[in-house]
Amino acid sequence: MSTSNVPPIIEHKHPRLLLFIHRVLFICNLLFIACAVIQNTPIANTDAIPSAVIVLGYLVAPIFNFLLAVITIARKLLKKLSHWHWLYGLNLLMLVLQWVYLIYVRGV
């Protein structure tokens, strides 16, 4: 695959780790959507939302999503990412939606 002296097992370990982190981020993105829906529903009791869901949804997801987007795009531009998984694109789309929601809707 590559002409470097890096063993193939080490070379393929990082994309698996990146995919795992994207999967965890996808769960955080789902929690972000759940928080946004629950907070904007007048019927819902917002006191019933566990604090971990709020922290993962509103705090961790946008920041972590931004950092992971920068890493993923940099790896793709540097040709260190051999294929583009559908989850990468979905997380990038969620990043845009999160920032639009937080800046324009919530006014944060």
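Structure above, values below:
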| item | result |
| --- | --- |
| Residue check, ALA74 loosely packed, with under 15 Cβ neighbours inside 10 Å, assigned to a helix (DSSP H, G or I) and at pLDDT below 80 | no |
| Which numbered condition LEU90 misses (of (1) assigned to a loop (DSSP other than H, G, I, E, B); (2) surrounded by 12 or more Cβ atoms within 10 Å (Cβ to Cβ)) | (1) |
| Pairs where the first residue, in the stretch 35-58, is at pLDDT 75 or above and the second is of a type in the set (Gly, Ala, Ser), C-beta under 7 Å, 6+ apart | CYS35/GLY57; ILE38/ALA44; VAL53/ALA34; GLY57/ALA34 |
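The values are calculated or read from the model by the stated rules, or taken from the named source; none is laboratory data. Note that the coordinates shown come from a computational prediction; the quantities given were computed from them, not determined experimentally. A quick note on method: Cβ atoms are made from the backbone with ideal geometry, for glycine too, and the neighbour counts reach across all protein chains shown.
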